Structure formats: C-alpha cells, structure tokens
Amino acid sequence: GFNGAELLALAIGGCLANDLRYVATDLGARIEAIAIDVALTLEGDPLLATAAEVRVSAEGPDPQAIAEAIGRARAESTVANSIARGLPVAFVSV
C-alpha cells in the first residue's frame, strides 16, 4: 500500500488536477493533457514533510487560457492551501 508521504503527495497533486479541470471548463479552455508531479521533502525524527514542490504542465490549443487556468487552480487548491496555511490535527481515542 501507500505510505503517508505518498498519500500526502497524491492528495496535493490529485486535488490540483481536479481543480485544473474544473477551472479550465469554467474558462472554456480545452486541455488535452495534464502532467503533475509532487516532490515532498521529508526530514526529522519523527519524519515530517517539510516542503512540497508541485510541477504542473498542461497542453491544449490555447496556451494563454491554460496558463490562466493553472494559476486559478493553484490559488483555489483546497489541499495545497490547507497544508500551506497549517491546520490543527486532533486525535481522539474512542
């Protein structure tokens, strides 16, 4: 199965991919291909994700519209924004 770091990277990239598709549709920008790669920096003991680098590219007939869609998707990405701003995590034993 996936480990926690792989799932975190998948959540960042998957959320951005979905957002990019929705935003492109709203803008009327046709996307023919999307590539997203997420690299996490892991450090410490216990191991923590200390940084994420997201590389995104998309192809279609209107590069300017695609660039706008990528920018809006980056600004609206729920997972990336939540992580970047930090969120409390509560553990509850039941």
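Does residue 20 qualify as being of a type in the set (A, V, I, L, M, F, W, C), in contact (Cβ under 8 Å) with a residue 40 or more places away in the chain and either out of contact with any strand residue (DSSP E or B) (no Cβ under 7 Å at 6 or more places or on another chain) or on the phi < 0 side of the Ramachandran plot (or both)? Spelling it out, residue 20 is indeed of a type in the set (A, V, I, L, M, F, W, C), in contact (Cβ under 8 Å) with a residue 40 or more places away in the chain and either out of contact with any strand residue (DSSP E or B) (no Cβ under 7 Å at 6 or more places or on another chain) or on the phi < 0 side of the Ramachandran plot (or both). The residue list 38, 23 contains one member that is of a type in the set (A, V, I, L, M) and out of contact with any Lys or Arg (no Cβ under 6 Å at 6 or more places or on another chain), which is 38. Looking across region 1-38, the residues that are part of a strand (DSSP E or B) and surrounded by fewer than 12 Cβ atoms within 10 Å (Cβ to Cβ) come down to 33, 35, 37. Picking from residues in region 40-94 that are under 23 Å from residue 22 (Cβ atoms) and among the hydroxyl-bearing types (Ser, Thr, Tyr), the one that is most open to solvent (accessible area, probe 1.4 Å) is 78.
The values are calculated or read from the model by the stated rules, or taken from the named source; none is laboratory data. Computed from a prediction, not measured in an experiment: that's the story for all the values here. Note that we place each Cβ from the backbone using ideal geometry, even for glycine, and neighbour counts take in every protein chain shown. Please note that ligands, DNA and RNA were not included when accessible areas were found on the heavy atoms of the full protein model with its side chains. Shrake-Rupley method; radii C 1.70, N 1.55, O 1.52, S 1.80 Å.
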